[in-house]
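Read the structure below first, then the notes.
No value in this document is a laboratory result; all are computed from the given coordinates. These numbers come from a predicted model, not from an experiment. Here the Cβ is made from the backbone with ideal geometry for all residues, glycine too, and neighbour counts use every protein chain on show.
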Amino acid sequence: MDLKRIAKDTAKTLTSYLTYQAVRVVLGQLRETNLPRSHWFNEFAAREKLQDGEAFLASLMQEQADLALRVMTVRQHLAEEITEFLPEMVITGIQQANIEHRKQHLERITQMSSEELQSKADASDGESLS
């Protein structure tokens with residue numbers, strides 16, 4: 001297991017997700033202040049690869065540098081605000097999700113075992129009656 005690579009990939013994914021969230025924030029602001037520009041930005045975001053935040057920003061920088069700078073500023077602010085409590089939230093979320101998955105699995109296998117026991121009991125009752 002290459003933990004360094006996993007951490008690097010996770011950071012890249014999180015950075016792209018924060019870029020997406022920043023785009024949503026900027027779009028919301030533009031809807032309130034400059035509707036024609038918000039339409040343009042929405043169309044741009046729909047046709048560009050927002051899954052890769054860095055490629056998206058590079059394309060946006062070519063078309064509308066001021067919007068790219070605005071998205072980068074919002075993205076940085078979001079990152080600064082969430083980094084303090086994000087690790088604990090992720091760990092807690094994963095632990096709770098794992099508990100729920102294990103609970104559902106246990107309920108499923110317990111139910112299957114109960115049904116199997118009941119069907120065996122029904123079969124042996126039928127044999128003893130014959």
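What is the helix-to-structure angle for 65-82, meaning the angle in degrees between its Cα long axis and the longest Cα principal axis of the chain, kept from 0 to 90 and rounded to the nearest 10?
Between the helix axis and the principal axis of the chain, the angle is about 40 degrees.
Let me have the relative contact order for segment 1-84, percent, based on Cα pairs under 8 Å that are six or more residues apart.
Numbers: 49 pairs, mean separation 30.7, N = 84.
The value is 37 percent.
Using DSSP to define loop residues, name the GluC sites (Glu not before Pro) in segment 46-127 whose beta-carbon has at most 12 other beta-carbon atoms within 10 Å.
On the way: sites: Glu48, Glu54, Glu63, Glu80, Glu81, Glu84, Glu88, Glu100, Glu107, Glu115, Glu116, Glu127; in loops: Glu48, Glu84.
Loop-located and lightly packed - Glu84.
How do Ser16, Ser119, Ser59 line up, fewest other C-beta atoms within 10 Å first?
Details: Ser16 20, Ser119 10, Ser59 17.
Lowest to highest Cβ neighbour count: Ser119, Ser59, Ser16.
Hey, what does the equivalent ellipsoid look like for the chain, semi-axes from the Cα gyration tensor as sqrt of 5 times each eigenvalue, largest first, whole Å? Walk me through the intermediate numbers first.
Details: eigenvalues 564, 73, 37 Å².
After diagonalising the Cα gyration tensor, the semi-axes are 53, 19, 14 Å.
Using square roots of five times the C-alpha gyration tensor eigenvalues, list the equivalent-ellipsoid semi-axes of segment 75-118 in whole Å, biggest first. Walk me through the numbers before you get to the answer.
Values: eigenvalues 335, 10, 3 Å².
Output for segment 75-118: semi-axes of 41, 7, 4 Å.
Mind listing the phi-derived Karplus ³J(HN,Hα) values for segment 21-27, rounded to whole Hz, using 6.51, -1.76 and 1.60 with θ = phi - 60°, and x for any glycine or proline?
Going residue by residue, I get 5, 5, 4, 4, 5, 5, 4 Hz, with x marking Gly and Pro.
Using only the alpha carbons of segment 11-72, determine the length spanned along each of the three principal axes and report them from longest to shortest in whole angstroms.
Largest first, segment 11-72 extends 33, 20, 19 Å along its Cα principal axes.
Please find, in a Gaussian network model of the chain (springs between Cα atoms separated by less than 10 Å), the residue of Val71, Val25, Val90 whose mean-square fluctuation is greatest.
Per the Cα network of the chain with a 10 Å cutoff, Val90 tops the list.
Are there trypsin sites (Lys or Arg not before Pro) in segment 1-107 that DSSP puts in a loop and that have at most 15 other Cβ atoms within 10 Å, and which ones?
Numbers: sites: Lys4, Arg5, Lys8, Lys12, Arg24, Arg31, Arg37, Arg47, Lys49, Arg70, Arg75, Arg102, Lys103; in loops: Lys49.
Passing both the DSSP loop test and the Cβ count: Lys49.
Just report the Cα centroid separation between segment 1-33 and segment 64-90, whole Å.
Value for the Cα centre distance between the two parts: 8 Å.
At most 13 other Cβ atoms within 10 Å and a DSSP loop assignment: could you name the chymotrypsin sites (Phe, Trp or Tyr not before Pro) in segment 1-106 that fit? Don't skip to the answer; put the middle values down first.
Numbers: sites: Tyr17, Tyr20, Trp40, Phe41, Phe44, Phe56, Phe85; in loops: Phe85.
Counting only loop positions with at most 13 other Cβ atoms within 10 Å, the chymotrypsin sites (Phe, Trp or Tyr not before Pro) in segment 1-106 are Phe85.
Roughly what angle does helix 86-129 make with the longest principal axis of the chain, taking Cα atoms, 0 to 90 degrees, to the nearest 10?
Value to nearest ten degrees: 20.
If the cut-off is a Cα-Cα distance under 22 Å, which lysines reach Lys4, setting aside same-chain residues fewer than 8 apart in sequence?
Lys12
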